[in-house]
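The structure appears right after this line, and notes come after that.
The values are calculated or read from the model by the stated rules, or taken from the named source; none is laboratory data. As the structure is a prediction and not an experimental result, all values here were calculated from the model. Neighbour counts are summed over all protein chains in view; Cβ atoms, including those assigned to glycine, are modelled from backbone coordinates with ideal geometry. These area figures cover heavy atoms from the full protein model, side chains too; ligands, DNA and RNA do not enter into them. Shrake-Rupley method; radii C 1.70, N 1.55, O 1.52, S 1.80 Å.
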Amino acid sequence: MRRELFDIPEGVIYLDGNSLGAPPKHVAQRMQEVVRHQWGERLIRSWSEGWWETPQRVGDRIGRLIGAAPGQVVVGDSTSVNVFKALMGATKGTTRTEIVCDESTFPTDGYIAQSVAGLRNLDLRLADPSASDLTEHTAVVLLNHVDYRTGRLHDMARLTNEAHAVGAQVVWDLCHSAGVLPIELDALRIDYAIGCSYKFLNGGPGAPAFIYVPKHKQETFDNPLSGWNGHSEPFGMKPHYEPDPGIARARVGTPDILSMLALDAALDVWDDVDLAELRERGLELTALFRTHVEKLTSLEVITPEHRGNQISVRCDNAEHVMDELISRGVIGDHRPPDILRFGFAPLYVTDDDAIRAAEALAEIVN
């Protein structure tokens, strides 16, 4: 849809946007202005000329892409840190006994869930999200919207309703769905959501993550990391912590301004993008690739029909096969022991990319 806006080397088929998005062309020039003018000339004055409000301002830009009204998303810290904030906030004061985590979760989510369970003296139970076995003992459920291995898309509305039906809260990880399909956090009354910005949002390596705390939860959200940026008067230098009344209470320490402004610039490519149309385009691309892989090879495609913008293929010697693909200019990735992953960013991946990638894979494995 907007391939001309991105820097992608000539001859490269880039199918790893689910790990690191391609850079929009204008980001480098924007960052030169940030470094030379905002930092180089304005120096510390830039903090009061827009830098300080950047986490909320950029958060609102992401909020538009995930169905969140202004004032409910803030950018900062890493995905892991934001998972910790959300789970600690969801379990504060609970009389329930367990955290339920998606059994195929991305490892950092599982590790953080283990940590929170230990700190809160709760049990951690791994479960298949489709099992519907939540009980009155469940305090919170941590779910990945799209499974990072298979590309499976979970039903956010149904699973949220099932959790709420037993009085549990839900934390949704949007790392593999933000920027590729419509998400309606407000409409579904999601409790908390987190996500990264360096995948389909193209924010760059190590770009800051985001956290969604809806307005109706902000007054009672207890950020376990009570850093000065989340204080109601951060420059009051008071000895005791008093949280900001709004989404800023989810902030912790000094924001990574350079990374955050690179993300801000990258988000310009989303102006006027229709997410429903983008979703249809993503389904077309992944279906096209799948059809050609199944036609040209005997490999097993393990991605279900209800999917994100990813196709995963089971393949012996997956690491070697991916290395060979990359040497031919087809960049995807693999996950041990035997999964090849191909992420399709509809803003810059073409039909020809999908077909040629499948043909290259067939040449190698056949």
Do we find that TYR198 is open to solvent by less than 40 Å² (accessible area, probe 1.4 Å), within 30 Å of LEU278 (Cα to Cα) and not charged (D, E, K, R) in this structure? no
Just checking, which of GLU284, GLU294 is open to solvent by 10 Å² or more (accessible area, probe 1.4 Å), in a helix (DSSP H, G or I) and out of contact with any strand residue (DSSP E or B) (no Cβ under 7 Å at 6 or more places or on another chain)? GLU284
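Yes/no per residue for (1) among the β-branched types (Val, Ile, Thr); (2) within 16 Å of GLY151 (Cα to Cα); (3) in contact with a Leu (Cβ under 7 Å, 6 or more places away or on another chain):
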residue	(1), (2), (3)
VAL269	yes, no, yes
ALA287	no, yes, no
GLN310	no, yes, no
HIS320	no, no, no
GLY332	no, yes, yes
Scanning the range 88-105 for residues that are touching a strand residue (DSSP E or B) at 6+ places or on another chain (Cβ under 6 Å) and hydrophobic (A, V, I, L, M, F, W, C), the one farthest from LEU278 (Cα to Cα) turns out to be ILE99
Criterion (open to solvent by less than 10 Å² (accessible area, probe 1.4 Å), more than 20 Å from ALA354 (Cα to Cα) and either over 26 Å from the mean Cα position of the chain (by Cα) or modelled with pLDDT of 95 or more (or both)) met by exactly one of ALA262, ALA250, ALA318: ALA250
Return the residues of the range 86-107 that are assigned to a helix (DSSP H, G or I), under 26 Å from GLY151 (Cα atoms) and open to solvent by less than 30 Å² (accessible area, probe 1.4 Å); say none if nothing qualifies. ALA86, LEU87
So, PRO205, is that one under 19 Å from ALA68 (Cα atoms), at pLDDT 95 or above and not aliphatic (A, V, I, L, M) or not? no
Residue pairs, Cβ under 6 Å, 6 or more apart or interchain, first in the range 61-79 and without any contact (Cβ under 8 Å) to a residue 40 or more places away in the chain, second part of a strand (DSSP E or B). List them. none
Just one of THR91, THR54, THR95 is within 21 Å of the chain's Cα centre (by Cα) and modelled with pLDDT of 95 or more; which is it? THR54
Given the condition assigned to a helix (DSSP H, G or I), surrounded by 15 or more Cβ atoms within 10 Å (Cβ to Cβ) and of a type outside the set (Phe, Trp, Tyr), answer yes or no: does some residue in the range 334-349 qualify? no
Open to solvent by 60 Å² or more (accessible area, probe 1.4 Å), touching a residue at least 40 places away in the same chain (Cβ under 8 Å), assigned to a helix (DSSP H, G or I) and out of contact with any Pro (no Cβ under 6 Å at 6 or more places or on another chain): does that describe ARG45? no
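The rows are residues; the columns are (1) under 23 Å from ASP222 (Cβ atoms); (2) open to solvent by less than 40 Å² (accessible area, probe 1.4 Å); (3) at pLDDT below 95.
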{"position": "ASP123", "(1), (2), (3)": "yes, no, no"}
{"position": "LEU126", "(1), (2), (3)": "no, no, no"}
{"position": "SER130", "(1), (2), (3)": "no, no, yes"}
{"position": "VAL141", "(1), (2), (3)": "yes, yes, no"}
{"position": "THR150", "(1), (2), (3)": "no, yes, no"}
{"position": "ASP155", "(1), (2), (3)": "no, no, no"}
{"position": "ASN161", "(1), (2), (3)": "no, no, no"}
{"position": "ALA187", "(1), (2), (3)": "no, no, no"}
{"position": "ASP191", "(1), (2), (3)": "yes, yes, no"}
Surrounded by 15 or more Cβ atoms within 10 Å (Cβ to Cβ) and at pLDDT 95 or above: which single residue out of PRO255, PRO245, PRO304 fits that description? PRO255
